[in-house]
Amino acid sequence: MTMLCICVAGGLGAVVRFLLDTHINSRFSFPVPVGTLVINVLGSLLLGFVTAAALNHLGFSHNLEGPLGTGFCGGFTTFSTASVETVRTASSRGVHVGVLHCLGMALAGVLAAVLGLYLGSLA
């Protein structure tokens, strides 16, 4: 049953990612792909929160950790799209822009995960 919940949550995360990415990219024009950046940072924040809540709070159901963390966050975030978008950005805007975009996304994701861990430990 847990595996089925993880699969369903992963599918839901992928659908939410697609809808949010489409919404962001249709509304705003940036020189770098901001939709994927926002999604990966939000996913890192949420995964940090879920992880801390599962580790620190007896009231948090460990049955939710897999579906929310591995399932939803795994389906919601995307390393492969970020990688392709980084290469495309480097090709069209210059290597320096692609590298800054890649490093900025990685740093923002790590900081968001740290914030999520902190907030999850307070909840």
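The values are calculated or read from the model by the stated rules, or taken from the named source; none is laboratory data. For clarity, every value in this text was computed on a predicted model and none was experimentally measured. Cβ atoms come from the backbone with ideal geometry, glycine included; neighbour counts cover every protein chain shown. With ligands, DNA and RNA removed, areas are computed over all heavy atoms of the protein, side chains included. Shrake-Rupley method; radii C 1.70, N 1.55, O 1.52, S 1.80 Å.
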Here are the criteria: (1) under 22 Å from Leu122 (Cβ atoms); (2) touching a Pro at 6+ places or on another chain (Cβ under 7 Å). Tell me which single one Leu46 does not satisfy. (2)
Per the list (1) open to solvent by less than 40 Å² (accessible area, probe 1.4 Å); (2) of a type outside the set (A, V, I, L, M, F, W, C); (3) at pLDDT 95 or above, residue check on Tyr118 breaks on (1)
Taking Val110, is it touching a helix residue (DSSP H, G or I) at 6+ places or on another chain (Cβ under 8 Å), modelled with pLDDT of 95 or more, of a type in the set (Val, Ile, Thr) and assigned to a helix (DSSP H, G or I)? yes
